[in-house]
Structures are given as C-alpha cells and as structure tokens.
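> Take this structure, written in structure tokens, and hold onto it; I'll ask about it next.
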Amino acid sequence: MIKAGLVVRIERILRERKLTQTAAARLMGINQPKVSTMLAGQFRGYSVERLMRFLVAVGQDVEIVVKPKKRRIDELRVAAFFPALAASNGGDDGGGKSVCFQQKALRTSLTFLNQVN
C-alpha cells in the first residue's frame, strides 16, 4: 500500500510538471518503458527506498518521521503534500484526502495532506 501511494505521488508530480515519460526516465535513471509499466501499476519490482529516490529525482523532499505512538493500535503512516489539492480546495483550510487500509494488527494509513503555505 505504501508503494502505491508513492507511485501515485510520482505520477502527480510528472503530470504537474508536464514531464514526458522519457524526460522523467532520464531524471530517475531508468528507461521510458519502465516508467510506463510503473505508472500502469506494475511496481512490485521496486523497493520503497527506490521509489523515494525517484521522488527526490523529480524534485521532492522525502521525510521519514519516527515518534512515540499516541494510539493503542500500531500505525504506519505515509504523508504526502499535494499543493495542487490545496489550491483546488480553496487554499490553506487544513483539509486533505485520507485513505486507510486495515492489515491484521497493523493499521496502515496513507494520508494526503494539503500543504499550508
């Protein structure tokens, strides 16, 4: 689920920056067919670390935060900031989009938050 969230973010960045798959491939250090298959949902062969490197290659900062938990349920959370969502939602309302997945005792939460400027 985390990989899917990272690939969604890569796809949005490419679209926002109007990058062709060929240009994106050059930035990420892979070939265009691999970009195409990744964006088509075939990304099992890529590690989370490699997908994060792709995000850095297309101009994003990637941050991993570890802090004491507040809830009883173990939680793994990935947060990605989408400036375009902030603009379409009227700016800095603090809202966002959240998708949660339940997996055994581990709750995985992919949260897409508006960037507040």
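> Does the stretch 2-57 classify as rounded, prolate or oblate by the C-alpha gyration tensor (a ≥ b ≥ c root eigenvalues; a/c under 1.5 gives rounded; else a/b over b/c gives prolate, otherwise oblate)? Walk me through the numbers before you get to the answer.
Working: a/c = 1.42, a/b = 1.28, b/c = 1.11.
It comes out rounded by the Cα gyration axes.
> Another question about this same structure. List every residue whose amide H lies under 5 Å from the amide H of Ile30, counting only residues 5 or more places away in sequence or on a different chain, with H placed 1.01 Å from N in the peptide plane.
The answer is none.
Coordinate-derived values only; no laboratory data. Everything numeric here is computed off the predicted structure, so don't read it as measured data.
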